[in-house]
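Values quoted throughout were computed directly from the atomic coordinates according to the rules given, and no laboratory measurement underlies them. Keep in mind the model is a prediction, meaning the values are calculated, not measured. Glycine gets a Cβ as well: all are built from the backbone with ideal geometry, and neighbour counts include every protein chain shown.
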Amino acid sequence: MTDMLNVGKIVNTHGIKGDVKVQRITDFEERFDIGNQLILEKENGQTLNLEIDGHRDHKGFGLLHFKSYDNINDVEQFKGRLLKIPRDQLADLAENEFYYHEIIGCAVYLTSGEKLGTIKEILAPGANDVWVTEREEGKDVLVPYIADVVKEVDVSDKKVVIEPMEGLLD
């Protein structure tokens, strides 16, 4: 499944009519539009094509319903599974926009040249993304993706250079 990208994770069922609660792993809301296809990777490595026939937002999660899965018993097995899309469904991005999979795993360096750590996760709490950077030692650093902090992103070299704002490394 190397040619697939994660766009969501089913964290639970919702109600009794087959809805699932999905944690988004994408900035593209349209990924979950009615009529779109997603691929669920089963525990045994096999895949299942699912068509979205219902979508609404609820308390920070997406509630999805898949065509022909009309009962909680049909979707209970999906809990904890990832929803994916084929890599060829990626859209072109504008300058200074990146896909999560391009940023996660990048080494983060300070403008002084010192390595800070590696980006392990991306949070999207509001106006800008926050890149969770794991240090070799010590607590993770939360790096806001804003021009004042992130000075250079080179996804081909998996390298990010930041100018930390006051208090960021404390």
Within straight cross-link reach of K115, meaning Cα distance under 20 Å, which lysines are found once same-chain residues fewer than 8 apart are removed?
K139, K151, K158, K159
Cut-off 20 Å (backbone N to label point 7 Å along Cα→Cβ of E166), residues of region 96-140
111-112
What helix-only [θ] at 222 nm does the chain give? Using -39500 (n - 2.57) per DSSP H run of at least 4, over all residues, to the nearest 500, the answer is -500 deg cm²/dmol
So what is log10(I(q)/I(0)) for region 4-88 at q = 0.13, 0.23, 0.25 1/Å, when the Debye sum runs over its Cα atoms only?
-0.34, -1.16, -1.40
At a Cα cut-off below 18 Å, give the lysines reachable from K21, other chains included and same-chain residues fewer than 8 away excluded.
K9, K42, K59, K67, K79, K84
Once both labels are modelled 7 Å past Cα along the beta-carbon direction, what's the I72-E51 spacing in nm?
2.7 nm
Note down the net charge around V108, summing +1 for each Lys or Arg and -1 for each Asp or Glu among other residues with Cβ under 13 Å from its Cβ.
-3
What is region 61-129 by shape, rounded, prolate or oblate, if you read a ≥ b ≥ c off the alpha carbon gyration tensor as root eigenvalues and call it rounded for a/c under 1.5, prolate for a/b larger than b/c, and oblate otherwise?
prolate
What is the magnitude of the charge dipole of the chain about its Cα centre, with +1 placed on the Cβ of each Lys and Arg, -1 on the Cβ of each Asp and Glu, and no other charges, expressed in debye to the nearest 20?
720 debye
Taking only C-alpha pairs under 8 Å that are 6+ residues apart, what is the relative contact order of the chain in percent?
18 percent
From the C-alpha gyration tensor of the chain, square roots of 5λ in Å:
35, 16, 15
Determine the sum of side-chain charges near G117: Lys and Arg each +1, Asp and Glu each -1, restricted to other residues whose C-beta is under 9 angstrom from that of G117.
0
